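Visitor: For reference, the structure I am asking about is given below.
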Amino acid sequence: MEATQKMIPVGKGKRIGIKLDEPTWRAVEWLAEQAGQTWQQWCAQVIQEAGEDSNNMTAVVRAAAMDRLLSETILADRADQMTSPQAIAMRMAGQCDDGVFREDLQQSTVESKSDCGGFTLRTGIDMYGRICYWIENGLRGGTHIIVRTPFTPEQWEIEIKAIGADE
């Protein structure tokens, strides 16, 4: 999949080039729209939050997009059942490097794998017996995300049945 570079104004006449694949750019645009911003404003805010000492701004924007996309979509269904809307995402998601990511995968059971362009999504059961999502950043040296749910497959079934009964 081909990547497209776009320039992001970050203040004082300075601009940074970010190169992402088309699905990731669509995610950035959607997240910006949800926040009432342009994609340039959204990216500039993410870059500012990361700090100037971050050396790979493309990886920073990609990781923020994936983290927030998960929070707004997959995890949003469960977030309303928590005390704080972002509580489950913040407690259960963690960034890691290649070594930690590979070691975690080796100790877990991956049940499915989907190539999503700039990242690969795996689902399965982690080393603790809980349902888990592994998001592998497609950029060399980029950080990856592991999202551990608080549920075993058995607990997940109970939760799914309870949700179905409520509808």
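All of the numbers you see were taken from the coordinates with simple rules; none came from a lab. Computed from a prediction, not measured in an experiment: that's the story for all the values here. When we count neighbours, we look across all protein chains shown, and the Cβ atoms used for this are built from the backbone with ideal geometry, even at glycine.
Visitor: Among residues other than Ile8 whose Cβ falls under 12 Å from its Cβ, what is the net charge (Lys/Arg +1, Asp/Glu -1)?
Guide: +4
Visitor: Sticking with this structure for a sec: Which of the peptides 56-68, 18-30 is most tightly packed, and how do the rest follow, judged by the mean count of other Cβ atoms within 10 Å per residue?
Guide: The peptides rank, most packed first, as 56-68, 18-30.
Visitor: Convert each backbone phi in the stretch 126-140 into a coupling constant with the Karplus relation 6.51 cos²θ - 1.76 cosθ + 1.60 (shift: θ = phi - 60°), then list the ³J(HN,Hα) values in order as whole Hz, x for Gly and Pro.
Guide: Karplus-based 3J(HN,Hα) across the stretch 126-140 equals 7, 5, 9, x, 9, 5, 9, 10, 10, 10, 9, 5, x, 7, 4 Hz.
Visitor: Tally Lys/Arg at +1 and Asp/Glu at -1 over every other residue whose Cβ is under 11 Å from the Cβ of Cys96; what's the total?
Guide: Numbers: positive: Arg102; negative: Asp97, Asp98, Glu103, Asp104, Glu136.
With Lys, Arg at +1 and Asp, Glu at -1, the neighbours total -4.
Visitor: Can you tell me the length gained on complete extension of the stretch Glu29 to Glu2, counting 0.36 nm per residue apart and subtracting the Cα distance? Write out the running numbers ahead of the final one.
Guide: Values: separation 27, 0.36 × 27 = 9.72 nm, distance 1.76 nm.
Between Glu29 and Glu2, full extension yields 8.0 nm more.
Visitor: Checking the cross-link filter: which lysines have an alpha carbon closer than 26 Å to that of Lys6, excluding same-chain neighbours under 8 positions apart?
Guide: The qualifying lysines are Lys14, Lys19.
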